[in-house]
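No value in this document is a laboratory result; all are computed from the given coordinates. This one's a predicted model, so the numbers in the text were calculated from it and none came from an experiment. Note that we place each Cβ from the backbone using ideal geometry, even for glycine, and neighbour counts take in every protein chain shown.
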Amino acid sequence: MKYGTVHFEDVQVGDEIPPLVKGPIQQIQLTRYAGASGDFNPIHQDQEFARAAGMGGVFAHGMLSMGFVAQALTDWAGAGGVHKLGVRFAALVRLKDIVTCKGRVLAKSSKDDVHLVELEVWAENQRGEKVVTGKATLALPAHE
Amino acid sequence: MPITINKGILGKEYPPYAVTVERGKIKEFARAIGDLNPFYLDDSVGRASPWGDVIAPPTFAISFRDEVADSSALLRDLGVDISRVLHGEQEFEIFRQLTPGQTYLCRTKVLDVYEKTGRSGPVAFVVRETAVTDRTNEIVATMRHVTVVRL
């Protein structure tokens, strides 16, 4: 099931979530993301501007890649389960790049019927270089 | 010759601003990411959900903007051009789901400003935190933004 809900008891430390493959990144997606997020920095839209800024050309909003990572988490655990997501933007994502989001369970804890899993999350490009690294905390449902 | 930034903004609290979440903006945001989760896009799935309506994707609050308090205001205060900034880090802590029609108050403050010399030269880091609260002043989410300025 694409939008499945994983249960707390079924998750083990060390488990990896299903990888989510996004892209190839196209200019139109960066333009749509600009409109949706309100981030109209021309460095994501205008090749000449991005080159003049010393960035070697247009690159994707870091927040778009973070959105991909969040999607990998919610595709796995269900919408509404993300309590915390923190990332570092480790490398630029360029046009035509393919971004694969991954995650691995680091820890599990339960308190007062709230069941949390902590994950290491990252996204890598088609050359295996990490473009995003971070951590997430998700609340998962338990079996009845 | 590296530029200098205005470090006087350390501790600055920006004026609070209100944002009302629009149903269409949630959907536009999810679609821009390519995340077609029905809990964001399908009103009938939302109605039947524990939240009683569609919810926003985890990073949606990044779209909460106000011209006197957002990143453009930060750049004006720092005295730097937009072509020099990069997004270094971002964190969201989500206590409750954002839903359409709700009005939230955003308060942003500058927590830290520091400089370092990185692989590609001197850079400054500016750390801001935005608290998102509801009408009863209860915390709904916090965002921590780390902006990198190439000096």
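Brief remarks on what is shown
- Across chain A, the longest piece that holds none of the chymotrypsin sites (Phe, Trp or Tyr not before Pro) lying in DSSP loops with up to 15 other C-beta atoms within 10 Å covers A:41-144.
- Per-residue Karplus couplings for the stretch A:27-42, computed as 6.51 cos²θ - 1.76 cosθ + 1.60 with θ equal to phi - 60°, are listed in order as 4, 4, 5, 5, 5, 5, 5, 4, x, 6, 9, x, 8, 9, 3, x Hz, Gly and Pro entered as x.
- Mean ellipticity per residue at 222 nm, deg cm²/dmol - from DSSP H runs of n ≥ 4 across chain A, formula -39500 (n - 2.57): -7000 deg cm²/dmol
- Pair B:SER44, B:ARG65: separation of 7 Å Cα→Cβ label points (nm): 3.5 nm
- Under 13 Å, Cβ to Cβ, from A:ALA91 - net charge with Lys/Arg +1 and Asp/Glu -1: +2
- Neighbour net charge for A:ARG32 - beta-carbon separation under 15 angstrom, K R +1, D E -1: +1
- Length released on extending from A:GLU16 to A:ASP46, taking residue separation times 0.36 nm less the Cα-Cα span: 7.1 nm
- A simple spin-label model places the labels of A:ARG127 and B:PHE125 2.5 nm from each other, with each point 7 Å out along Cα-to-Cβ.
- Average other protein chain Cβ within 10 Å of Cβ, residues B:87-98: 6
- Each Lys or Arg adds one and each Asp or Glu subtracts one; over the other residues with Cβ under 10 Å from the Cβ of A:LEU20, this totals 0.
- Across chain B, Cα-Cα distances exceeding 21 Å account for 50% of all pairs.
- Across A:LYS84/A:LYS108; A:LYS84/B:LYS7; B:LYS27/B:LYS109, pairs whose alpha-carbon gap is larger than 23 Å: A:LYS84/B:LYS7; B:LYS27/B:LYS109
- For the Cα trace of the protein assembly as shown, dividing Rg by the Kirkwood Rh returns an Rg/Rh value of 0.96.
- Kirkwood radius and radius of gyration were both taken over the C-alpha atoms of the stretch B:71-151, and their ratio Rg/Rh is 1.07.
- Chain A shape via C-alpha gyration tensor axes, a/c threshold 1.5: prolate
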